[in-house]
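The values are calculated or read from the model by the stated rules, or taken from the named source; none is laboratory data. Computed from a predicted model, the values in this text were never measured in an experiment. Positions of Cβ are backbone-derived with ideal geometry, glycine not excepted, and every protein chain shown enters the neighbour counts.
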Amino acid sequence: MQVRGLTAALNSSGRFKYKVRLPLGMTRWLLKRGQSPEYAVDFLVVGGGAVGLAIAHRLARRFPDKSTYLVERHPRPGEETSSRNSEVIHAGLYYPPHSLKTRLCIRGRALLYNHCATHNIPHRKTGKLVLAHAHQRPYIAALHAKALASHSPVPTKLITGAEARALEPDLSPSIAAALWSPETGILDSHAFMSSLEAAIADSPAAELVYATPVVRIDPHAAGWVVQTVTGPEATDSGDALLAKTLINASGLSAPFLLNALLPTEARIPMFYARGSYASYKGPGTARVSHLLYPCPDATQSTAFQSLGTHLTLDMHGKVKFGPDLDWLAPPPGEDEDQVDFWARHLVPSEERLKVMHEAVTSYLPGIALEGLAPDYCGIRPKLVGPGGGFQDFVFRVDHPQSFLKSSSPAASEGNKTPMVSLLGIESPGLTASMAIAEHVVDGILGGTDAS
């Protein structure tokens with residue numbers, strides 16, 4: 001399957017003209033905190049999903065005397081990928097042992113469990129079974145070996161099909177073996193994001209602004225000029241602020257924002273993979289108490305792009321299946337107005353149910369097709385298309401002087417004013433969110449970690 005990557009760029013039409021004027025409200029906000037409006041904000045985070053909130057939260061805690069500003073284009077936090085996923089706390093099984101995905105998932109899991117416990121976030125360590133038919137035994141054996149080879153070994157245990165059925169009696173007799181992952185769990189992702197939101201709001205030098213999309217970004221000798229518009233009716237006249245450090249944590253739109261600074265030939269293509277979820281009420285799951293994951297097709301590169309249509313539970317015990325994998329083809333051209341075309345694909349459809357039913361009955365044969373109902377869809381931000389193989393998280397660091405024509409001494413100040421773009425932050429992004437924040441704030445910005 002071939003799907004074109006979209007290389008659209010923010011403000012490629014030139015609709016929003018360059019300006020440096022600060023909005024009155026932001027000027028007052030800065031003055032109240034004793035900061036000169038000429039310098040605007042110390043840290044500007046673009047994107048209010050789980051990762052953006054975690055970064056803003058860590059910045060506000062580590063630098064309480066510096067201003068941290070988070071802007072989110074939607075009226076509420078976590079409206080895109082963060083609220084349309086499985087709400088699973090992953091153990092860190094699937095990716096190369098020394099990859100950022102593995103390292104940040106393992107670290108993030110520990111941070112997330114601790115945060116949930118100390119902030120009364122609903123969560124539960126359910127454990128997970130990765131289920132294998134006879135020909136899939138090598139796959140779970142490799143997962144087990146990989147878990148042991150990680151920088152921080154992930155607890156796992158290979159068990160027989162009979163042992164798996166002792167844990168989950170509704171499993172198919174054809175399940176020959178399983179990998180038991182006791183550290184996997186679930187959480188209420190909305191409560192998690194709300195806890196970060198509340199902590200940021202309580203920080204004296206931090207601010208959250210919703211319904212405010214970024215419409216233009218320009219390099220400046222002292223940082224980055226970022227223009228925004230506020231409200232449902234976007235006008236051609238936006239507000240501008242100067243950010244000393246810019247964090248691009250805008251998820252699905254992260255390459256779109258970065259592309260505004262890059263020449264056309266260097267733009268980063270965006271790929272979009274839809275995952276549909278189905279709720280279930282019917283026979284075959286009454287005794288299920290753990291998360292159940294099939295083996296992905298390890299003969300194809302899609303094994304890294306989707307973990308298969310699995311069974312998860314929410315905090316109320318509701319059973320859901322998903323996500324499947326459906327690549328979305330962007331409309332023709334590179335028009336910036338088409339960058340959110342994926343939003344039209346968020347309506348769940350019954351047409352996916354039959355395929356999902358075929359997938360889940362391979363390990364839970366008692367599932368009835370008529371018990372499945374479309375629930376919701378989510379979009380995964382991908383940096384590679386179908387067949388692209390494993391793609392790690394990407395943390396790209398740019399400096400203003402790389403884009404400024406001037407070679408004056410003032411331009412060299414850009415070394416102290418980075419733009420950090422977080423690209424391809426898909427699963428296990430929710431689990432890794434607090435570790436990603438640690439990596440960005442303490443590592444990249446703190447100078448102790450390689451970007």
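Worth a mention:
- Among the candidates 277, 293, residue that is buried (at least 21 other Cβ atoms within 10 Å of the Cβ), within 30 Å of residue 186 (Cβ to Cβ), in contact (Cβ under 8 Å) with a residue 60 or more places away in the chain and in contact with a Cys (Cβ under 8 Å, 6 or more places away or on another chain): 277
- Among (1) of a type outside the set (Val, Ile, Thr); (2) surrounded by 15 or more Cβ atoms within 10 Å (Cβ to Cβ); (3) assigned to a helix (DSSP H, G or I) - the single one residue 358 does not satisfy: (2)
- There is no residue in the stretch 39-51 that is part of a helix (DSSP H, G or I), over 28 Å from residue 128 (Cβ atoms) and at pLDDT below 95.
- Of the residues making up the stretch 5-26, those that are modelled with pLDDT under 90 and touching a Pro at 6+ places or on another chain (Cβ under 8 Å) are 22, 26.
- Among the residues listed as 146, 157, the single one being at pLDDT 95 or above, of a type in the set (Lys, Arg) and farther than 21 Å from residue 317 by Cβ: 157
- From the options 102, 126, residue that is part of a loop (DSSP other than H, G, I, E, B), at pLDDT 95 or above, crowded, with 17+ Cβ neighbours inside 10 Å and not aliphatic (A, V, I, L, M): 126
- Counting only helices (runs of 4 or more DSSP H) that sit completely within the stretch 129-210, those holding 2 or more residues that are buried (at least 21 other Cβ atoms within 10 Å of the Cβ) correspond to 137-149, 189-202.
- Flag if residue 432 is outside any strand (DSSP E or B), modelled with pLDDT under 95 and more than 20 Å from residue 342 (Cβ to Cβ): no
- For the stretch 200-207, the condition of being modelled with pLDDT of 95 or more, touching a helix residue (DSSP H, G or I) at 6+ places or on another chain (Cβ under 6 Å), aliphatic (A, V, I, L, M) and over 30 Å from residue 57 (Cβ atoms) holds for none of the residues.
- Residue count for the stretch 384-414, restricted to those that are at pLDDT below 65 and in a helix (DSSP H, G or I): 6
- In the set 52, 78, 92, 47, only one residue is more than 14 Å from the chain's Cα centre (by Cα) and either surrounded by 16 or more Cβ atoms within 10 Å (Cβ to Cβ) or over 27 Å from residue 226 (Cβ atoms) (or both); that residue is 92.
Okay, residues lined up against (1) surrounded by fewer than 17 Cβ atoms within 10 Å (Cβ to Cβ); (2) farther than 30 Å from residue 161 by Cα; (3) of a type in the set (A, V, I, L, M, F, W, C); (4) in contact with a Ser or Thr (Cβ under 7 Å, 6 or more places away or on another chain):
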| residue | (1), (2), (3), (4) |
| --- | --- |
| 331 | yes, yes, no, no |
| 353 | no, no, yes, no |
| 368 | yes, no, yes, no |
| 386 | yes, yes, no, no |
